[in-house]
Amino acid sequence: MPRAEFDQLTEKEKLFIRKEHENKFLFDVAWIRNAVLNAEANVNRKKGKKFQELFPKKPVKADKDYNEQAMKTITAIEQKKGKSWVDKVYRANGAKKGG
């Protein structure tokens, strides 16, 4: 942003920009701190202890609307055709039903 454009901003807009810059700085510092602590923990870990991931994988949250619609579809199919589709899925995957 050029200086002339910055000078035309109101004080409230300037404060907003400063606050966002401060938030970005704090966010970046927190990531660096976490990375350093993680690296130090991995360097000083005991033999045979599991390696700590810097970015652990989080499970994806289920989409409730999608699941509800899928359950309605499945129950509708089961009412029309029965549960023979379950046996087909088991056969296709080479698994035995019931355990």
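Computed from Cα atoms, the angle from the helix 11-43 axis to the main principal axis of the chain rounds to 60 degrees. Diffusion coefficient of the chain by Stokes-Einstein, Kirkwood radius over Cα pairs, 4 °C, 1.567 mPa s: 63 µm²/s.
Round to the nearest 10 and give me the degree value, 0 to 90, for the angle of helix 64-81's Cα axis relative to the longest principal axis of the chain. Once rounded, the angle reads 10 degrees. With everything on Cα atoms, drop me the angle between helix 84-93 and the longest principal axis of the chain, reported from 0 to 90° to the nearest 10. The angle comes out near 70 degrees. Rounded to 0.05, the FRET efficiency of the Asn34 and Gln8 pair, given R0 = 41 Å and the Cβ-Cβ distance, is 0.60.
Each residue, Lys49 and Gln79, gets one label point 7 Å from its Cα in the Cβ direction; the gap between the two is 5.8 nm.
Here, each number is a calculation from the coordinates, and none is a lab measurement. This is a predicted model, so every value here is computed, not measured. In this analysis, Cβ positions are derived from the backbone assuming ideal geometry, glycine residues included, and neighbour counts consider all displayed protein chains.
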